[in-house]
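The values are calculated or read from the model by the stated rules, or taken from the named source; none is laboratory data. Keep in mind that this is a model prediction, so the values were computed, not measured. Here the Cβ is made from the backbone with ideal geometry for all residues, glycine too, and neighbour counts use every protein chain on show. These area figures cover heavy atoms from the full protein model, side chains too; ligands, DNA and RNA do not enter into them. Shrake-Rupley method; radii C 1.70, N 1.55, O 1.52, S 1.80 Å.
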Amino acid sequence: RHPSGDSINYKFVIPMDGGVFSGVKKPAYHLYRYTETESGDVLANFVGEVPIEGMDIRGIHSLGATENYAILPRFALYFEVSDPVEIGTGAKISPDKDTFFDVVSLVDGKRTQFKFPSHNSMHIINSFERKNEAGQTEVVIDWPTIDTVEGIRNSNIFELLNRETLTDPNYSYQEHFPHYCKFTLRRFILNMETGEGTQYDYPRMWTPDAIEVEFPYINDNYRGLPYCYAYFQTWNNDAHNAMGLLKVDMCRETSIGWERKNKFPVEPVFAARPGAQDEDDGVVLAPVFDADTGKSELYVWDAKSLEVIAIVSTPIVVPYSLHGTWIPEDQ
């Protein structure tokens with residue numbers, strides 16, 4: 001989502017000819033900016049493209065957008081090329097895959113590429129522009145990442161996500177998939193004038209240490225702009241996938257959390273209080289599945305303290321892995 005309210009999206013283009021990969025046009029990621037008019041029409045404007053070299057096809061789940069740029073990430077998750085393409089067994093992670101951020105200007109489509117060591121992530125926290133001490137423009141982009149992808153070489157991620165694995169009482173993630181049990185919040189700083197990129201790893205601001213910290217959500221009024229607060233869903237894989245919520249202050253490097261036994265919250269969603277001045281003045285909402293009753297309830301937390309202020313019954317069961325969003329009534 002662009003700070004203006006527009007959306008930034010992409011489509012993956014691979015020319016095909018009779019079921020065989022064609023060399024007529026090189027494959028690329030095409031970036032589009034979607035703008036809604038006053039009449040409700042949606043206009044799609046081509047922003048630029050990021051070529052794919054050597055059929056190195058990465059799994060891309062979310063993009064970054066600032067006032068002047070769109071950022072296309074390419075992490076260690078990749079797809080083996082075959083005909084036909086096997087999405088399940090062909091989706092793998094490799095430490096040999098460097099991380100690339102392609103920053104595309106929303107003004108003229110100019111592309112600047114930044115290269116980092118191998119990392120893996122799915123959901124962006126936020127991205128924004130700032131000036132450094134030398135007055136140079138930097139694009140800052142934050143991600144919750146697997147702590148390290150070393151040792152995951154060519155691992156098929158669907159081995160981790162199948163039902164047999166999730167329900168086996170004797171299965172140990174720490175033993176078989178230890179890399180998925182530690183996450184690090186990482187900030188990538190991209191200098192648009194020098195073309196240099198730097199990386200900052202935040203300290204782990206939660207306990208226990210070996211949990212997944214994912215599904216980030218921020219105040220939408222700060223998306224694409226400098227911010228401080230992010231809300232996450234946490235997973236403790238070796239405690240029967242026990243889940244909770246985490247609020248992280250990215251500016252002060254502090255956090256608070258919420259969890260209850262046998263309660264499984266969905267991705268948290270932030271809703272600002274009408275007329276709010278503080279970034280975290282509002283509520284956090286999420287359906288919570290209760291393993292004791294087999295039912296779901298909508299929980300409402302105070303966004304500053306994560307204290308529960310309301311619980312609303314729901315007529316349906318909401319799976320704990322679903323995404324969510326908040327749309328104000330006037331939109």
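Things worth noting here:
- Spin-label model, Glu36/Glu259: points 7 Å from Cα along the beta carbon direction are separated by 3.7 nm.
- Here Thr89 and Leu298 are evaluated by their C-beta separation; at R0 = 35 Å the FRET efficiency comes out at 0.40.
- Radius 9 Å from Cβ of Tyr78, net charge of other residues (Lys, Arg +1; Asp, Glu -1): +2
- The share of accessible area on the range 227-309 that comes from carbon and sulfur is 48 percent, using a 1.4 angstrom probe.
- Linear extension gain, Asp209 paired with Trp326, 0.36 nm per residue minus alpha-carbon span: 39.1 nm
- Order by protection proxy (mean Cβ within 10 Å, highest first), peptides 49-57, 293-301: 293-301, 49-57
- Net +/- balance of residues flanking Glu138 in space, Cβ distance below 15 Å, scoring K and R +1, D and E -1: -3
- Proximal charge balance of Phe188 [Cβ under 15 Å; K/R count +1, D/E count -1]: -2
- Probe 1.4 Å, protein heavy atoms only - accessible area per residue of the range 172-331 in square angstrom: 50
- Rounded if a/c under 1.5, otherwise prolate or oblate - the range 251-292, Cα gyration tensor axes: oblate
- For the range 216-233, the residues whose amide N sits under 17 Å from a probe point set 7 Å from the Cα of Arg273 along the beta carbon direction are 219-221, 229.
- For the listed residue pairs Lys92/Lys295; Lys263/Lys304; Lys97/Lys182; Lys26/Lys97; Lys26/Lys115; Lys182/Lys261, the alpha carbons are over 23 angstrom apart in Lys92/Lys295.
- Shape of the range 42-136, Cα gyration tensor, a/c cut at 1.5: prolate
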